[in-house]
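A.B. asks: The structure under discussion is supplied below as structure tokens; questions concerning it will follow.
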Amino acid sequence: ADVLRAHAALARQAIREQQVAARFTEAFPLVPTVSVTAQPADVHDVDGLRTIGAAISRS
């Protein structure tokens, strides 16, 4: 039951994040956007930022 609750919470969070992104792109249609694969840990250092930068440049 705990696993199902955790899954449901993550699904709700994903929906909220998609809604926020949609509002942003509707409000600022000229701002380019790109999706980046989720990282296994919080990005908080230069190496993590380089990983994100590399992912963005491939898009």
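A.B. asks: Collect the residues in the range 1-56 that are among the hydroxyl-bearing types (Ser, Thr, Tyr) and modelled with pLDDT of 90 or more, keeping them in residue-number order. Before you say what the answer is, go through the steps one by one.
C.D. replies: Filtering the range 1-56 down to residues among the hydroxyl-bearing types (Ser, Thr, Tyr) leaves 25, 33, 35, 37, 51.
The answer is 25, 51.
A.B. asks: Filter the range 23-43 for residues that are in a loop (DSSP other than H, G, I, E, B) and of a type in the set (Ser, Thr, Tyr) and give the result.
C.D. replies: 33, 35, 37
A.B. asks: Can you tell me which residue within the range 21-33, out of those that are surrounded by 10 or more Cβ atoms within 10 Å (Cβ to Cβ) and of a type in the set (A, V, I, L, M, F, W, C), is farthest from the chain's Cα centre (by Cα)?
C.D. replies: This residue is 28.
The values are calculated or read from the model by the stated rules, or taken from the named source; none is laboratory data. Since this is a predicted model, take the numbers as computed values, not measurements. Neighbour counts are summed over all protein chains in view; Cβ atoms, including those assigned to glycine, are modelled from backbone coordinates with ideal geometry.
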